[in-house]
């Protein structure tokens, strides 16, 4: 695991709870794709709308590792939603400029 990869994931999670979307969204490519809860959000406008609709949650990182050409983080997500807390896998695919090209959030599978 590179320190840069760990910093990217930790920065993503810190900015995900920040009320100002600009720094959070600046982490994404303009044509980024976010997959969450079985839905696909394509392009920065769709990512912005998705982020605005996510309920207020807390994150606790359980692990971060290199995965293919990106990184995989196991994160405990807690908040006011059914089944809280839940362990989710966050898969990060990076573009050539180091910004997030793909973010895939899925339930942790054994």
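The values are calculated or read from the model by the stated rules, or taken from the named source; none is laboratory data. Since the structure is predicted, the reported quantities are computational estimates derived from the model, not experimental observations. No Cβ is skipped: glycine too gets one built from the backbone with ideal geometry, and neighbour counts run over all protein chains shown.
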Exercise for review: Could you tell me whether any residue of the range 68-85 is surrounded by fewer than 15 Cβ atoms within 10 Å (Cβ to Cβ) and in contact with a helix residue (DSSP H, G or I) (Cβ under 6 Å, 6 or more places away or on another chain)?
Suggested key: no
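So which residues in the range 32-51 are in contact with a helix residue (DSSP H, G or I) (Cβ under 7 Å, 6 or more places away or on another chain) and closer than 20 Å to residue 76 by Cα?
To start, the set of residues in the range 32-51 that are in contact with a helix residue (DSSP H, G or I) (Cβ under 7 Å, 6 or more places away or on another chain) comprises 32, 34, 36, 41, 44, 47-48, 51.
Listed by number, the residues that qualify are 34, 36, 51.
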Check your understanding: Say we look at the range 1-18 and pick out the residues that are in a loop (DSSP other than H, G, I, E, B) and at pLDDT below 85; which of these is surrounded by the most Cβ atoms within 10 Å (Cβ to Cβ)?
Key -> 1
Practice item. Test residue 29 against the stated conditions and say whether it is surrounded by 13 or more Cβ atoms within 10 Å (Cβ to Cβ), touching a helix residue (DSSP H, G or I) at 6+ places or on another chain (Cβ under 9 Å), touching a residue at least 24 places away in the same chain (Cβ under 8 Å) and closer than 17 Å to residue 74 by Cβ. Key: no
Revision key, fill the gap. The lone condition residue 74 fails out of (1) touching a strand residue (DSSP E or B) at 6+ places or on another chain (Cβ under 6 Å); (2) at pLDDT below 90; (3) not in a loop (DSSP other than H, G, I, E, B) is (2)
Point to revise | Of all residues in the range 92-110 being exposed (fewer than 14 other Cβ atoms within 10 Å of the Cβ) and touching a residue at least 60 places away in the same chain (Cβ under 8 Å), the one that is farthest from the chain's Cα centre (by Cα) | key: 97
